[in-house]
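Beneath this line is the structure, given in structure tokens, with notes to follow.
The values are calculated or read from the model by the stated rules, or taken from the named source; none is laboratory data. Note that this is a predicted model, so its numbers are computed, not measured. As a convention, Cβ positions derive from the backbone with ideal geometry for all residues, glycine included, and neighbour counts pool all protein chains shown. These area figures cover heavy atoms from the full protein model, side chains too; ligands, DNA and RNA do not enter into them. Shrake-Rupley method; radii C 1.70, N 1.55, O 1.52, S 1.80 Å.
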Amino acid sequence: MTAPDVLTTAAPPISTEEAGAMMQRCFGVAGTVRELSSERDRNFHIAIPGGPGYVLKFTNPAEPALVTSFQTGAMQHVAVRDAALPVPRVVSTLEGEAQATVRVKGQAMVLRLLTYLDGTPLHAAPASPGQMRALGMTLAKLDLALADYDHPGSQRDLLWDITRTASVADRLHYLADGPRRRMVERFVARFADRVAPRLPALRHQVIHNDLNPHNAVVDPVGHETVTGIIDFGDALKAPLVNDLATALAYHVTSGETPFGSLVEMTRAYNAVLPLTPEEVELLPDLVAGRLALTIGITSWRAAEYPANAAYILRNAERAFAGLETLTGAESATAHRLLRHACQKV
């Protein structure tokens with residue numbers, strides 16, 4: 001029998017009234033409760049007078065307790081290593097614990113309260129070179145803060161791991177037959193043959209693994225200061241460069257020049273946390289790997305959960321465009337520009 005999985009197990013519904021009552025009982029906090037969108041958990045924003053508020057997270061019951069404690073510990077570790085980094089702070093329960101366990105519709109769920117990071121979601125802010133530099137620099141600082149974090153829950157078998165790009169081949173039949181599907185199939189086969197064997201030799205550490213435009217918040221005026229990196233739900237131990245590749249995957253086709261956003265973010269990241277020559281060489285293929293994962297996983301999940309398809313497929317078109325760019329005639333240009341971005345001045 002297959003073990004439950006967070007991507008195939010729906011969290012039980014929770015009303016805002018139930019969420020508010022459990023929050024007050026466990027954390028002694030009261031406020032106006034509003035449900036937030038989530039791929040697998042039940043999340044709520046808690047508005048309080050005179051402050052940004054909180055996020056109340058009911059973790060999917062299929063998520064192993066070890067993984068949940070790993071994610072909580074990662075946020076606590078970053079707060080100690082670099083207090084200036086804009087990551088959520090873990091709010092203790094009335095008993096002084098980092099999380100509580102509650103029962104919802106007969107199922108045990110881990111309940112956590114995190115600080116809410118105010119600002120404009122990245123996906124709603126106009127892109128700029130300064131914004132890309134801020135993202136790269138902040139992500140590098142986050143990776144430096146996580147470098148010495150060790151936890152048994154970091155060893156995860158996660159679909160959203162670029163290392164596992166070849167495994168998405170089993171889900172490509174959910175794509176409509178045609179040139180796009182064949183493009184993804186060709187890349188995934190090449191990744192399995194040429195890229196995957198080189199990954200074990202790279203630097204490995206705990207990484208955030210999901211700096212997409214819905215998980216970053218920027219200042220509402222200039223949009224060039226990162227005020228929040230949220231959602232550690234996909235964090236794991238993996239090649240360090242995968243964290244940058246994941247972030248870059250959402251900006252392949254943006255920028256004032258070809259690959260302009262990729263160059264700005266990579267240069268800023270490398271200035272704080274220098275990449276090795278091998279990591280730089282593999283970076284474009286790792287970015288493409290993340291795009292292939294996005295296409296394969298979201299196509300499968302949208303077919304399985306059509307009611308949530310719009311949310312699941314929100315990045316699909318951008319992923320197709322990015323993968324086509326990185327695997328087509330401009331591929332050599334991407335490699336050349338990223339190598340140049342990482343050269344010492």
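Restricting to the stretch 282-319, and then to whatever is among the basic types (Lys, Arg) and part of a helix (DSSP H, G or I), can you tell me which residue is nearest to SER254 (Cα to Cα)?
Ranking the candidates gives ARG318 first.
Determine which single condition GLY96 fails, assuming it passes every other condition in (1) open to solvent by 20 Å² or more (accessible area, probe 1.4 Å); (2) more than 15 Å from CYS26 (Cα to Cα); (3) assigned to a loop (DSSP other than H, G, I, E, B).
Every condition holds for GLY96 apart from (2).
Would you be able to tell me the number of residues in the stretch 61-84 that are under 14 Å from LEU111 (Cα atoms), open to solvent by less than 30 Å² (accessible area, probe 1.4 Å) and touching a Ser or Thr at 6+ places or on another chain (Cβ under 8 Å)?
Residues meeting the conditions: 2.
Given ALA166, ALA134, which one is within 19 Å of ALA249 (Cβ to Cβ), open to solvent by 30 Å² or more (accessible area, probe 1.4 Å) and of a type in the set (A, V, I, L, M, F, W, C)?
The conditions single out ALA166.
Can you find a residue that is over 21 Å from the mean Cα position of the chain (by Cα) and either modelled with pLDDT under 95 or open to solvent by 50 Å² or more (accessible area, probe 1.4 Å) (or both) anywhere in the stretch 280-294?
yes
Could you say which residue among ALA238, ALA189, ALA245 is within 18 Å of ILE297 (Cα to Cα) and open to solvent by less than 50 Å² (accessible area, probe 1.4 Å)?
ALA245
Hey, could you check the stretch 21-53 for residues that are under 20 Å from the mean Cα position of the chain (by Cα) and either over 27 Å from PRO306 (Cα atoms) or hydroxyl-bearing (Ser, Thr, Tyr) (or both) and say which is surrounded by the most Cβ atoms within 10 Å (Cβ to Cβ)?
Result: SER38.
For the stretch 156-179, give me each residue that is part of a helix (DSSP H, G or I), farther than 21 Å from ARG194 by Cα and either hydrophobic (A, V, I, L, M, F, W, C) or in contact with a strand residue (DSSP E or B) (Cβ under 6 Å, 6 or more places away or on another chain) (or both).
Matches in the stretch 156-179: none.
Please indicate, with yes or no, whether at least one residue in the stretch 173-183 is closer than 30 Å to THR227 by Cα, open to solvent by less than 50 Å² (accessible area, probe 1.4 Å) and either touching a residue at least 40 places away in the same chain (Cβ under 8 Å) or in contact with a Gly (Cβ under 6 Å, 6 or more places away or on another chain) (or both).
No - not one qualifying residue is present in the stretch 173-183.
Taking the conditions exactly as written (of a type outside the set (Ser, Thr, Tyr), closer than 24 Å to ARG336 by Cβ and in contact with a His (Cβ under 9 Å, 6 or more places away or on another chain)), does VAL263 satisfy them or not?
Yes, satisfied.
Can you find, within the stretch 224-237, the residue that is nearest to PRO200 (Cα to Cα) among those that are out of contact with any Lys or Arg (no Cβ under 9 Å at 6 or more places or on another chain) and not in a loop (DSSP other than H, G, I, E, B)?
ILE229
So for the stretch 137-150 (the condition being part of a strand (DSSP E or B), more than 22 Å from VAL218 (Cα to Cα) and either free of Cβ contacts under 8 Å to residues at least 24 places away in the same chain or touching a His at 6+ places or on another chain (Cβ under 8 Å) (or both)), does at least one residue qualify?
no
Across the stretch 14-55, what is the number of residues that are outside any strand (DSSP E or B), within 24 Å of ASP210 (Cα to Cα) and in contact with a strand residue (DSSP E or B) (Cβ under 7 Å, 6 or more places away or on another chain)?
Summing the residues that are outside any strand (DSSP E or B), within 24 Å of ASP210 (Cα to Cα) and in contact with a strand residue (DSSP E or B) (Cβ under 7 Å, 6 or more places away or on another chain) in the stretch 14-55 gives 1.
Output the residue which, of all residues in the stretch 295-345 that are of a type in the set (D, E, K, R) and over 26 Å from VAL263 (Cα atoms), is most open to solvent (accessible area, probe 1.4 Å).
Result: GLU304.
Which residue is farthest from LYS141 (Cα to Cα), if the candidates are limited to the stretch 180-223 and must be in a helix (DSSP H, G or I) and among the acidic types (Asp, Glu)?
Out of the qualifying residues, it is GLU185.
Going by the structure shown, is ALA79 in a helix (DSSP H, G or I) and of a type in the set (Gly, Ala, Ser)? Working first, answer last.
Values: in a helix (DSSP H, G or I): yes; of a type in the set (Gly, Ala, Ser): yes.
Yes.
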